[in-house]
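Peer 1: The structure's right below; bear with me while I get my questions together.
The values are calculated or read from the model by the stated rules, or taken from the named source; none is laboratory data. Bear in mind that the values here come from a model prediction, so they are computed numbers and not experimental data. A quick note on method: Cβ atoms are made from the backbone with ideal geometry, for glycine too, and the neighbour counts reach across all protein chains shown. Side chains are part of the model used for accessible areas, which takes the heavy atoms of the whole protein and leaves out ligands, DNA and RNA. Shrake-Rupley method; radii C 1.70, N 1.55, O 1.52, S 1.80 Å.
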4 protein chains.
Amino acid sequence: MSQEPIKALCWTERSEPESVYPDGINGAVADALREAGIEAETAQLSDPDQGLSEEALARADVLFYWAHSRHGQVTDDSTARVLKHILARGMGFVPIHSALHSKPFRAILGTTGNIAGWREEEEEEHVYIVEPSHPIAEGLGQKFTLPEAEMYVEPFDIPTPDCIVMISSFREGEVFRTGCCWERGLGRIFYFRPGHETYRVLFEEPCRKVFVNAARWASRRV
Amino acid sequence: MSQEPIKALCWTERSEPESVYPDGINGAVADALREAGIEAETAQLSDPDQGLSEEALARADVLFYWAHSRHGQVTDDSTARVLKHILARGMGFVPIHSALHSKPFRAILGTTGNIAGWREEEEEEHVYIVEPSHPIAEGLGQKFTLPEAEMYVEPFDIPTPDCIVMISSFREGEVFRTGCCWERGLGRIFYFRPGHETYRVLFEEPCRKVFVNAARWASRRV
Amino acid sequence: MSQEPIKALCWTERSEPESVYPDGINGAVADALREAGIEAETAQLSDPDQGLSEEALARADVLFYWAHSRHGQVTDDSTARVLKHILARGMGFVPIHSALHSKPFRAILGTTGNIAGWREEEEEEHVYIVEPSHPIAEGLGQKFTLPEAEMYVEPFDIPTPDCIVMISSFREGEVFRTGCCWERGLGRIFYFRPGHETYRVLFEEPCRKVFVNAARWASRRV
Amino acid sequence: MSQEPIKALCWTERSEPESVYPDGINGAVADALREAGIEAETAQLSDPDQGLSEEALARADVLFYWAHSRHGQVTDDSTARVLKHILARGMGFVPIHSALHSKPFRAILGTTGNIAGWREEEEEEHVYIVEPSHPIAEGLGQKFTLPEAEMYVEPFDIPTPDCIVMISSFREGEVFRTGCCWERGLGRIFYFRPGHETYRVLFEEPCRKVFVNAARWASRRV
């Protein structure tokens with residue numbers, strides 16, 4: 001098992017407001033990773049090759065990916081490159097929040113990623129740890145609460161996860177499979193639900209911890 | 001596939017108050033099943049062979065099982081008979097609520113069935129359907145709400161279910177994997193969380209529908 | 001649960017030699033299904049809308065799909081229609097043998113379907129039943145042997161199946177996960193390995209039985 | 001993640017002939033582990049507390065367990081201690097070959113561990129790697145062949161494994177799920193099929209590699 005630092009590529013479509021995420025959601029993820037000694041590179045849709053070049057992907061042990069309103073701009077070629085690095089090279093893949101409708105997430109799982117509903121009213125999210133022995137749950141305790149959330153509600157159209165690490169609930173009792181693991185080809189995939197471009201929630205300590213744990217798990221260090 | 005009526009054995013330790021469940025929780029289950037054309041027999045701990053005789057089990061396509069405070073009185077022999085009929089003959093098994101600590105549930109899954117906590121304060125339970133295409137979800141829509149519940153909270157010490165059909169949430173945001181499926185040997189197992197001996201909740205229409213759907217699925221008719 | 005006859009659409013790219021499969025591999029499948037009272041329609045790549053029109057798919061409870069050398073001719077639109085009917089309407093999908101490299105199989109699972117090797121030397125295939133309680137295993141006993149096979153060998157790049165019903169072995173000891181089940185969206189998928197366009201093996205009784213069982217399972221009648 | 005050496009407890013009922021396994025099968029396992037820097041302790045049925053004392057188990061990150069003809073002599077108390085350390089403390093558990101009928105294996109999985117048949121004729125076993133990205137597959141390539149084997153054949157009565165790492169085939173084409181992973185409570189379980197007390201096969205290099213990989217995986221270092 002490699003003792004080299006993990007190399008992460010943190011990607012965004014860059015539609016999140018600067019007032020909320022000054023360095024982008026990808027910058028917020030990268031900051032959490034760097035604090036834990038992970039080498040994090042940032043990239044975005046407007047970069048050459050959409051920030052998902054063969055070279056950038058080849059350097060990455062794990063790809064963090066946030067997107068919301070510009071899924072359609074990501075080309076089939078970019079999507080195919082992401083899939084190839086997951087399946088054939090074992091690059092980890094960590095789509096965040098609204099990336100459930102991104103082309104790479106849909107293509108690697110084969111499902112729509114559709115959800116039954118959502119609500120944008122600055123409510124709390126309760127995240128419960130269902131599999132306390134999973135590496136992504138390390139240090140998270142039984143639960144954490146995030147101060148702001150865009151609610152998502154089940155059913156969530158995904159293949160049955162290999163492991164559901166976390167389940168969330170919201171104001172009216174809605175529930176969601178918030179932290180889901182799959183293996184595809186040589187690669188590991190972790191979907192993480194929290195986050196919305198208008199809430200500073202991805203700076204919260206539990207989310208930063210999840211990013212670090214997910215980077216380690218998805219790059220097969222744990 | 002058999003067109004014979006399904007035969008269910010509905011079992012209780014019989015500690016539920018008559019004021020709440022006049023015919024026992026097993027009677028409430030049997031009533032729901034009969035309304036759907038299922039042949040339901042009732043049995044209890046004080047019957048000969050603890051109500052789990054070789055003959056009674058041999059007649060059953062599916063065993064519904066509720067218990068709470070008398071798990072320790074069920075003998076290892078009774079437990080072994082239940083397991084044999086599940087594994088070797090394909091009898092379905094539907095443990096309800098506090099039966100997560102019963103000997104047959106623990107023995108067939110190999111785990112403790114422990115939960116992180118509970119609360120008995122007559123609160124609402126929101127039950128969301130996570131796998132709408134599963135036979136046990138038939139006719140349940142996206143969710144149902146039960147007026148009274150003893151709260152259970154994750155983590156719940158069980159093997160990862162083959163399928164999680166339903167997830168519940170409670171007043172303070174607690175979540176629980178409420179409807180869980182496993183296959184063991186030739187048999188199918190469905191755990192259903194709702195119900196408490198002091199709440200009339202198992203008479204609620206959605207619970208009655210779940211019992212019927214579970215009887216069909218666990219006896220391999222769907 | 002519907003008591004209407006199951007409606008199957010049996011599709012082929014039509015490159016199989018007439019000398020071996022006079023009515024095509026899809027004709028051989030349809031014949032087995034009809035004998036069991038299933039309504040089977042046949043279609044092929046050269047038909048309007050590639051034989052996968054919106055109307056034809058909408059009529060189908062389950063799609064049997066064989067292809068080998070013309071995967072690239074199936075359009076992305078045809079593939080998208082197949083996926084939509086699986087995911088959103090619950091149409092069953094039964095890809096056969098070399099259809100592991102077809103666009104719909106790859107797209108619905110998200111993996112390459114690649115195999116480590118193959119050999120075309122008219123050898124025997126031993127098919128062992130691993131999950132005897134699965135509806136697709138009904139009537140098959142512990143094993144069956146097919147007189148001719150193109151060998152496929154693991155690793156097979158697929159998501160971990162929900163259930164592996166059958167495993168095959170070949171002359172030099174090679175093994176393969178031959179009968180694999182997945183659920184995606186509202187639909188059920190069954191991959192069946194045997195068959196090669198130059199071997200009459202899909203006329204063998206055990207294969208005919210598998211087709212019938214798979215039609216029932218994938219259309220959610222069992 | 002701990003950087004301390006892994007501590008393994010290697011246990012046997014001690015019925016294997018000294019002429020084949022001079023230091024026992026547990027000694028053969030311990031030797032392979034030590035070569036890789038793992039601290040391996042040996043124990044056997046005739047030791048105090050059957051070699052499965054609270055203290056010995058508490059020291060172990062992972063328990064290797066071989067038994068064949070004396071399963072019945074292992075007490076329910078010993079079995080309960082093993083289960084407690086797996087479920088509640090996360091001790092790994094690696095039952096080998098005929099340990100599929102041991103009390104701890106049956107109790108932790110809830111199934112009989114029965115197999116459809118076996119044959120003791122010094123034949124070859126072909127072991128194919130099905131999940132090449134799994135930590136237990138590291139360094140094993142696509143397959144390995146063992147010179148002698150007692151054949152086991154499917155169906156094998158176990159819960160569907162979380163991951164099947166290896167599948168074996170035998171002389172007459174029989175197949176078996178040879179390397180199977182499950183998680184239960186906080187613990188990881190790996191069943192490994194090869195080995196028979198009259199064949200020196202557990203000294204073979206690929207088996208020694210599997211022991212080391214399994215020790216690392218089951219003790220959560222990878």
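Peer 1: In whole Hz, what ³J(HN,Hα) sequence does region D:107-117 give by Karplus (6.51, -1.76, 1.60; θ = phi - 60°), x for Gly and Pro?
Peer 2: Values per residue, Gly and Pro as x: 6, 6, 9, x, 10, 7, x, 5, 10, 6, x Hz.
Peer 1: A further question on this structure: Is region A:1-133 rounded, prolate or oblate when judged by the Cα gyration tensor, a ≥ b ≥ c being the square roots of its eigenvalues, rounded requiring a/c under 1.5 and prolate requiring a/b larger than b/c?
Peer 2: rounded
Peer 1: Extension gain A:S53-A:E4, at 0.36 nm per residue separation less the Cα-Cα distance, in nm?
Peer 2: Stretched fully, the A:S53-A:E4 segment lengthens by 15.4 nm.
Peer 1: How far is D:S15 from the same spot in each other copy, in nm, shortest first, if each label point sits 7 Å from Cα toward Cβ?
Peer 2: List, nearest first: 4.0, 5.6, 6.7 nm.
Peer 1: If you don't mind, another one. Just the Kirkwood number for region B:144-192, please: inverse of mean 1/r across all distinct Cα pairs, in Å, one decimal.
Peer 2: Evaluated over region B:144-192, this radius sits at 11.9 Å.
Peer 1: Further question: Could you tell me which Cys residues in chain C have no other cysteine's Cβ under 4.7 Å from their own Cβ, answering none if every one has a partner?
Peer 2: C:C10, C:C180, C:C207
Peer 1: Summing both sides, how much accessible area is buried between A and B? Use a 1.4 Å probe and give Å² to the nearest 100.
Peer 2: 1700
Peer 1: Residues of C:105-113, mean number of Cβ from any other protein chain within 10 Å of their own Cβ, rounded to a whole number?
Peer 2: For this peptide, the per-residue mean of nearby foreign Cβ atoms is 5.
Peer 1: Listed highest first by mean packing, meaning other Cβ atoms within 10 Å per residue, what order do A:15-21, C:168-174 come in?
Peer 2: C:168-174, A:15-21
Peer 1: To continue, here is another question. For region B:42-87, compute Rh as the Kirkwood radius over C-alpha pairs and then the Stokes-Einstein diffusion coefficient at 10 °C and 1.306 mPa s; write the answer in µm²/s, rounded to an integer.
Peer 2: 146
Peer 1: Beyond 19 Å between alpha-carbons counts as too far, so tell me which of C:K7/C:K103; A:K103/C:K84; B:K143/B:K209; C:K103/C:K209; A:K209/D:K84; C:K103/D:K143 fall in that bin.
Peer 2: C:K7/C:K103; C:K103/C:K209; A:K209/D:K84; C:K103/D:K143
Peer 1: Can you list residues whose amide H is under 5 Å from A:E148's amide H, if they're 5+ apart or on another chain and H is modeled 1.01 Å from N?
Peer 2: A:E125
Peer 1: Using a 1.4 angstrom probe on heavy atoms only, work out the carbon and sulfur share of the accessible area of the protein assembly as shown in %.
Peer 2: Within the protein assembly as shown, the accessible surface is 46 percent carbon and sulfur.
Peer 1: Across the residues of D:150-162, average count of Cβ atoms on other protein chains within 10 Å?
Peer 2: Partner-chain Cβ atoms within 10 Å, mean over residues of D:150-162: 5.
Peer 1: Moving to a separate point now. Between D:A43, D:A28, D:A116, find the one with the highest GNM mean-square fluctuation for chain D; connect C-alpha pairs within less than 10 Å.
Peer 2: D:A116
Peer 1: Next up: At 222 nm, what helix-only mean residue ellipticity would the protein assembly as shown give, in deg cm²/dmol to the nearest 500, using -39500 (n - 2.57) for each DSSP H run of four or more?
Peer 2: Value at 222 nm, helices only, nearest 500: -7000 deg cm²/dmol.
Peer 1: May I pose another question? 7 Å along Cα→Cβ for the label point: how many nanometres lie between C:E120 and each equivalent label in the other copies, listed shortest first?
Peer 2: 4.6, 5.6, 7.1
Peer 1: Give a residue-ordered list of calculated ³J(HN,Hα) values for region C:172-182 (Karplus: 6.51 cos²θ - 1.76 cosθ + 1.60, θ = phi - 60°; whole Hz; x for Gly, Pro).
Peer 2: Running phi through 6.51 cos²θ - 1.76 cosθ + 1.60 with θ = phi - 60° gives 8, x, 4, 10, 7, 6, 8, x, 10, 10, 9 Hz.
Peer 1: Could you give me the radius of gyration and the Dmax of region A:180-222, taking only the C-alpha atoms into account and expressing both in angstrom?
Peer 2: Computed over the Cα atoms of region A:180-222, radius of gyration and Dmax are 11.8, 35 Å.
Peer 1: Follow-up. Using alpha carbon centroids, what distance separates region A:31-64 and region C:47-85, in Å?
Peer 2: 38
Peer 1: Could you run the Karplus curve 6.51 cos²θ - 1.76 cosθ + 1.60 with θ = phi - 60° over region A:9-17 and give me ³J(HN,Hα) per residue in whole Hz, x for Gly and Pro?
Peer 2: Once θ is set to phi - 60°, the couplings for region A:9-17 become 10, 10, 10, 9, 6, 6, 10, 6, x Hz.
Peer 1: Skip the ligands, DNA and RNA, and give the accessible area per residue of region B:69-171 with a 1.4 Å probe, whole Å².
Peer 2: 33
Peer 1: With respect to the symmetry axis carrying chain D onto chain C, which residue of chain D exhibits the smallest Cβ distance to that axis, and what is the value in whole Å?
Peer 2: Nearest-to-axis residue on chain D, with distance in whole Å, is D:S169, 2.
Peer 1: Once you have a ≥ b ≥ c as the square roots of the Cα gyration tensor eigenvalues for the protein assembly as shown, tell me rounded if a/c is under 1.5, and otherwise prolate or oblate according to whether a/b is larger than b/c.
Peer 2: Rounded is the answer for the protein assembly as shown, as its axis ratio a/c remains below 1.5.
Peer 1: Which residues' amide hydrogens lie under 5 Å from the amide hydrogen of C:T111, considering only partners 5 or more residues apart or on another chain, with H built in the peptide plane?
Peer 2: none
Peer 1: When each pair of different Cα atoms in chain B is counted once in the 1/r mean, what is the Kirkwood radius in angstroms, to one decimal?
Peer 2: 17.1
Peer 1: Taking A:R89 in one copy and the same position in all the others, each labelled 7 Å out along Cα→Cβ, what are the pairwise distances from the first, in nm, shortest first?
Peer 2: Copy-to-copy label distances for A:R89: 4.0, 4.3, 5.8 nm.
Peer 1: Is region D:1-65 rounded, prolate or oblate when judged by the Cα gyration tensor, a ≥ b ≥ c being the square roots of its eigenvalues, rounded requiring a/c under 1.5 and prolate requiring a/b larger than b/c?
Peer 2: Note, shape of region D:1-65 comes out oblate.
Peer 1: If you average the sequence gap of Cα pairs under 8 Å that are 6 or more apart and divide by the length of region D:89-211, what percent do you get for the contact order?
Peer 2: It comes to 30 percent, rounded to a whole number.
Peer 1: Treating region D:133-222 as a set of equal point scatterers at the Cα positions, no solvent, please give the Debye-formula log₁₀ I(q)/I(0) at q = 0.19, 0.23 Å⁻¹.
Peer 2: Values returned for q = 0.19, 0.23 Å⁻¹ are -0.94, -1.31.
Peer 1: Taking H placed 1.01 Å from N in the peptide plane, check which residues at least 5 places from D:H196 or on another chain put their amide H under 5 Å from its amide H.
Peer 2: It is D:V201, D:L202, by chain and number.
Peer 1: How far is the Cα center of region D:100-173 from the Cα center of region A:101-172, in Å?
Peer 2: Using only Cα atoms, the two centres lie 36 Å from each other.
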